[in-house]
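A.B. asks: Attaching a single structure in structure tokens format; questions to follow.
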Amino acid sequence: GAGVSQSPRYKVAKRGQDVALRCDPISGHVSLFWYQQALGQGPEFLTYFQNEAQLDKSGLPSDRFFAERPEGSVSTLKIQRTQQEDSAVYLCASSLDPSNEQFFGPGTRLTVL
Amino acid sequence: GIQVEQSPPDLILQEGANSTLRCNFSDSVNNLQWFHQNPWGQLINLFYIPSGTKQNGRLSATTVATERYSLLYISSSQTTDSGVYFCAACSNDYKLSFGAGTTVTVRA
């Protein structure tokens, strides 16, 4: 079956622009996660959804970051007024339930100039 | 949150060699996963192994939960095994905490 998909795969933004990153989880997966991976490091947790409810956004680095999953399926991570330090790979993962195995998408590589 | 440490940070192998990667974690876990990140950045699931032993082809993994470590074994390594291997764990919640990874280079 289809895995987690993300779009776009690459995004170049000028500093100050807003960007939107999309995640399509595996069908039927209730839990959806966003992670951020800086160059040469392991991914770090950003936020978690159970269906459409955002239950944890403790990892979002600033109020410029906003995530939603309005119908409990597709999710969008939005970054407003991008800064150079936002350059990273943004990974989406989904799982059947919160403590189950997480499956990752291919990521969106964001470069802010 | 839970702390995850991986060793060694880098590993260079000759094709056909065997190796062991280690993951230590600081608390009891309800989820532990091993991933291989390929050169294109995709995290490929290798094992979901909060406890016990599993095998998949040339790879196997063991987690000793009571002693808070997990091991990933690669046997008869191939050049396609090259990449970064991550261990990730969570303790009583859902947030995976990743180690810094082990970069494996397999030379022909």
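The values are calculated or read from the model by the stated rules, or taken from the named source; none is laboratory data. Owing to the predicted nature of the structure, the values given are computational and were not obtained by experimental measurement. Here Cβ is always computed from backbone atoms with ideal geometry, including for glycine, and neighbour counts include all displayed protein chains.
A.B. asks: Just for strands (runs of 3 or more DSSP E) wholly inside the range B:22-69: which have at least 1 residues that are crowded, with 17+ Cβ neighbours inside 10 Å?
C.D. replies: Ranges flagged: B:31-37, B:43-48, B:59-64.
A.B. asks: Just to verify a result, which residue in the range B:90-108, among those that are facing chain A (nearest Cβ under 7 Å) and more than 14 Å from the chain's Cα centre (by Cα), is modelled with the highest pLDDT?
C.D. replies: B:LYS95
A.B. asks: May I ask you to verify whether B:ASN18 is under 24 Å from A:VAL4 (Cβ atoms) and surrounded by fewer than 16 Cβ atoms within 10 Å (Cβ to Cβ)?
C.D. replies: no
A.B. asks: When the residues of the range A:1-31 are filtered to those that are of a type in the set (Lys, Arg) and surrounded by 15 or more Cβ atoms within 10 Å (Cβ to Cβ), which remaining residue is nearest to A:ARG109 (Cα to Cα)?
C.D. replies: Among residues in the range A:1-31 that are of a type in the set (Lys, Arg) and surrounded by 15 or more Cβ atoms within 10 Å (Cβ to Cβ), the one nearest to A:ARG109 (Cα to Cα) is A:LYS11.
A.B. asks: Go through (1) at pLDDT 95 or above; (2) exposed (fewer than 14 other Cβ atoms within 10 Å of the Cβ); (3) of a type in the set (Gly, Ala, Ser) and name the single condition A:ALA67 misses.
C.D. replies: Of everything listed in (1) at pLDDT 95 or above; (2) exposed (fewer than 14 other Cβ atoms within 10 Å of the Cβ); (3) of a type in the set (Gly, Ala, Ser), A:ALA67 misses just condition (2).
A.B. asks: Kindly provide the set of residues from the range A:1-24 that are touching a Ser or Thr at 6+ places or on another chain (Cβ under 8 Å), under 16 Å from A:LEU91 (Cα atoms) and assigned to a loop (DSSP other than H, G, I, E, B), ordered by number.
C.D. replies: Within the range A:1-24, A:VAL4, A:PRO8, A:ARG9 qualify.
A.B. asks: Another question, if that's okay. Does B:LEU11 satisfy being within 14 Å of another protein chain (Cβ to nearest Cβ) and either assigned to a strand (DSSP E or B) or in contact with a Lys or Arg (Cβ under 6 Å, 6 or more places away or on another chain) (or both)?
C.D. replies: In short, no.
A.B. asks: Also: Return the pair list, or none, for Cβ contacts closer than 6 Å from residues in the range B:67-78 that are at positive phi to residues that are buried (at least 16 other Cβ atoms within 10 Å of the Cβ), at least 6 apart or on different chains.
C.D. replies: Final answer for the pair search is B:ARG68/B:PHE25.
A.B. asks: Filter the range A:78-101 for residues that are more than 14 Å from every other protein chain (Cβ to nearest Cβ) and not in a loop (DSSP other than H, G, I, E, B); which is nearest to A:LEU32 (Cα to Cα)?
C.D. replies: Here the answer is A:LYS78.
A.B. asks: Further, regarding this structure: Being in contact (Cβ under 8 Å) with a residue 60 or more places away in the chain and of a type outside the set (Phe, Trp, Tyr) is the requirement here; does A:ASN51 meet it?
C.D. replies: The answer is no for A:ASN51.
A.B. asks: Using beta carbons and a limit of 6 Å, which pairs, at least six apart or on different chains, have the first residue in the range A:25-37 and part of a loop (DSSP other than H, G, I, E, B) and the second one surrounded by 24 or more Cβ atoms within 10 Å (Cβ to Cβ) and among the small types (Gly, Ala, Ser)?
C.D. replies: A:PRO25/A:SER94; A:ILE26/A:SER94; A:HIS29/A:SER94
A.B. asks: Within the range B:66-89, how many residues turn out to be aromatic (Phe, Trp, Tyr) and facing another protein chain (nearest Cβ under 9 Å)?
C.D. replies: Residues that pass the stated criteria total 1.
A.B. asks: Can you find a residue in the range A:46-53 that is away from chain B (no Cβ under 14 Å) and farther than 13 Å from A:GLN36 by Cα?
C.D. replies: yes
A.B. asks: Further, regarding this structure: Listed residues A:GLN102, A:GLN50, A:GLN37, A:GLN83; which is surrounded by fewer than 16 Cβ atoms within 10 Å (Cβ to Cβ), more than 10 Å from the chain's Cα centre (by Cα) and of a type outside the set (A, V, I, L, M)?
C.D. replies: A:GLN83
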